[in-house]
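Notes follow once the structure below has been shown.
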Amino acid sequence: MTHAYTRLRGGIVAAAAVGALVAPAAAGATPPPSSAAAVATATEPPSPTASGGGVVALTPDVRQQVDDAVQRVMKQANVPGVSVGIWAPDESPYVKSFGVRDKSTGQRMAPDLFLRIGSETKTFTVTAVLQLVDEGRIGLDDTIGKYIDGVPNGDKITLRQLAGMRSGLFNYSADEDFFKALTSDPTRPFTPQQLLDYSFKHPVLFPPGKEFYYCNTNLILLGLLVEKISGQHLNDYIHEHVLNPAGLDDTLFPTGAEFPTPHSQGYTDQTATGKVEDSADWNPSWGWAAGAMISTLDDLRVWARTVATGVLPDGNRMISPATQKQRLITPATPIPGAGYGLGIFNVQGWIGHNGSLPGYESLTVYLPSARTTLVVVLNTDINYKNEEPSTLFGDAITSIISPDHVFDLPAEPTAR
C-alpha cells in the first residue's frame with residue numbers, strides 16, 4: 001500500500017510503499033560513478049573542460065532553454081513558485097525565480113526568500129559528526145550502542161552505517177501512528193525520543209550493512225550523538241561549528257516553528273484530509289536532525305561546494321581530507337546511477353542532497369568535474385506521477401547544462 005506520507009522521509013527516494021525495504025542494486029543497473037573518481041575530483045576540483053564531463057556554456061540560448069524547461073515543469077507539476085541558481089566558473093550566474101511565493105496574495109517568488117530545506121539538514125548533521133571524528137572523539141566504526149542505550153541492534157550498528165543509510169532500523173516517519181499524530185496537529189512539537197519510539201516499536205528490517213534503506217531514524221540518533229559528545233544542543237553546535245565557519249548567515253536550525261521573513265508559503269497534500277494546505281507555520285521538529293533546517297538559495301550555493309569538497313569559502317577545511325574521502329565513498333543503491341555515502345549522494349556525478357518535507361522541496365548539488373553548482377528551491381512537495389518536483393527540475397535543467405551528467409533519479413526504487 002502506498003501513501004503520500006512516505007514523502008515525509010524527505011529524501012532521495014520518492015513515494016515508495018510504506019515500510020518497503022530498498023533492495024540491493026538490480027543486476028544490470030547503471031552503477032554510480034566510481035567512488036575513487038568522485039573522491040579525486042571532489043577534493044581537488046579540476047578545471048572544467050570544453051568537452052566530456054563538464055557543463056555547456058551558459059549562453060543566452062542555453063539560459064532561455066533553462067527558462068523554458070523550468071516553466072514547463074512548473075506547469076506540468078503545478079508548482080506555485082521556484083527559484084533556480086546555476087554557478088559555473090567564468091560564467092555569469094544564472095539566478096532566477098518563477099511563479100508566486102503566496103497563492104493567496106500573488107506575491108512573486110524571489111531568490112532571497114527563506115525556505116525549509118528538509119533532508120538537506122542531513123548534510124549538516126553528518127558534517128557535525130565528521131568533525132567529531134576528526135577530533136578523535138568518536139570513530140566511524142564505533143557502534144551507536146557505545147554512546148546511546150536502547151537502540152535495537154545498537155551493539156552492531158556503526159555510525160558509518162547510520163550516516164550511510166544502511167542500519168536496518170525502521171523509518172519512524174513511515175509509521176502510521178506518527179503520521180496521524182503529525183497531521184492531526186502539525187504545529188505540535190516532537191522530541192527526538194518520541195521520534196525514536198515510533199521507530200523502535202518495529203522490528204529491525206535487515207542486519208546492519210546488508211542493504212540500503214533511506215531512514216530518518218538514523219539521523220535522529222546521530223543528532224543525539226553530537227549532543228552527547230559535544231555537550232551542546234544540536235542547533236547550537238551546528239550554528240557554531242558548521243554555519244559560522246562557512247559564512248552561512250541566512251541558514252538556521254530552528255528550535256520550533258520560527259520562520260524568518262521574507263519566506264515563501266508552502267503547499268502540501270500531506271494532510272489529515274488529503275486536501276492542499278499551507279504548511280509555512282507547521283513545526284518542523286518532527287524532522288529535527290533529519291530535516292528541520294531553513295536556508296536560502298545563495299547560502300545553499302556556498303554549502304554545495306563545501307559539502308562536496310570539504311573546503312570552506314576561505315580555503316580552510318570544514319573536515320579533514322581523510323575524513324572527506326570517507327564521506328565520498330558512495331556505494332551503489334537500488335537507484336540506477338545513484339550512490340549514497342555519508343549523508344551525501346552521487347547521482348551521475350552530481351554530489352549533494354535533496355530535501356522534501358510538507359510544503360517545500362530543495363536540491364543542492366555540485367559537479368566537481370566542472371566546478372559547477374545547481375540549487376533549486378520550491379514551495380510545494382506535491383508529487384507529479386510519483387515523482388518529486390525537485391527531481392523533475394533537476395532532470396530538466398541538467399539535461400540542458402550537463403547532458404553527460406543528467407540528474408535522473410527515478411520515482412521509485414527497484415521492488416523487492
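Segment 59-90 and segment 371-397 have Cα centres separated by 10 Å.
Pull out a ≥ b ≥ c, the square roots of the eigenvalues of the alpha-carbon gyration tensor of segment 136-243, then state rounded if a/c is under 1.5, prolate if not and a/b is larger than b/c, and oblate in the remaining case. Show your work: numbers first, answer last.
Numbers: a/c = 2.00, a/b = 1.11, b/c = 1.81.
It comes out oblate by the Cα gyration axes.
Taking label positions 7 Å along the Cα-Cβ direction at both residue 210 and residue 314, the computed distance is 4.8 nm, reported to one decimal. By its C-alpha gyration tensor, with a ≥ b ≥ c as the square roots of the eigenvalues, how is segment 79-131 shaped: rounded for a/c under 1.5, else prolate for a/b larger than b/c, else oblate? Taking the square roots of the gyration eigenvalues as a ≥ b ≥ c, segment 79-131 is oblate.
Measuring nothing but how far apart in sequence close Cα pairs (under 8 Å, 6+ apart) lie, relative to its length, segment 268-416 scores a relative contact order of 18 percent.
On the basis of the beta-carbon distance and an R0 of 35 Å, residue 385 and residue 202 show a calculated FRET efficiency of 0.75.
Efficiency by 1/(1 + (r/R0)^6): what FRET value for residue 104 and residue 258, r their Cβ-Cβ distance, R0 = 25 Å, to the nearest 0.05? Walk me through the numbers before you get to the answer.
Details: r = 21 Å, r/R0 = 0.85.
About 0.70, to the nearest 0.05.
Please state the shape class of segment 306-381: rounded when a/c is under 1.5, otherwise prolate if a/b exceeds b/c and oblate if not, all from the C-alpha gyration tensor. Oblate, because a/c is 1.5 or more while a/b does not exceed b/c. Find the centroid of the Cα atoms in segment 306-351 and in segment 242-305, then give the distance between the two in whole Å. Cα centroid to Cα centroid, the span is 22 Å.
Counting Lys and Arg as +1 and Asp and Glu as -1, what is the net charge of the other residues whose Cβ lies under 15 Å from the Cβ of residue 137? If you can, show how the numbers build up before the last one.
Working: positive: 146, 228; negative: 134, 135, 141, 142, 227.
Every neighbour counted, the sum reads -3.
The length gained by stretching the chain between residue 155 and residue 63 to full extension, at 0.36 nm per residue less their Cα-Cα distance, is 27.9 nm.
At a Förster radius of 25 Å, what calculated FRET efficiency corresponds to the Cβ-Cβ distance of residue 141 and residue 188, to the nearest 0.05?
On the way: r = 37 Å, r/R0 = 1.48.
Working from the Cβ atoms, E equals 0.10.
Straight Cα distances below 16 angstrom link residue 210 to the lysines 156, with same-chain residues fewer than 8 positions distant left out.
Read-outs: derived from the displayed coordinates by stated rules, not from any lab. Note that the structure is predicted; figures quoted are calculated from it, not measured. Virtual Cβ from ideal backbone geometry, glycine too; neighbours counted across all protein chains shown.
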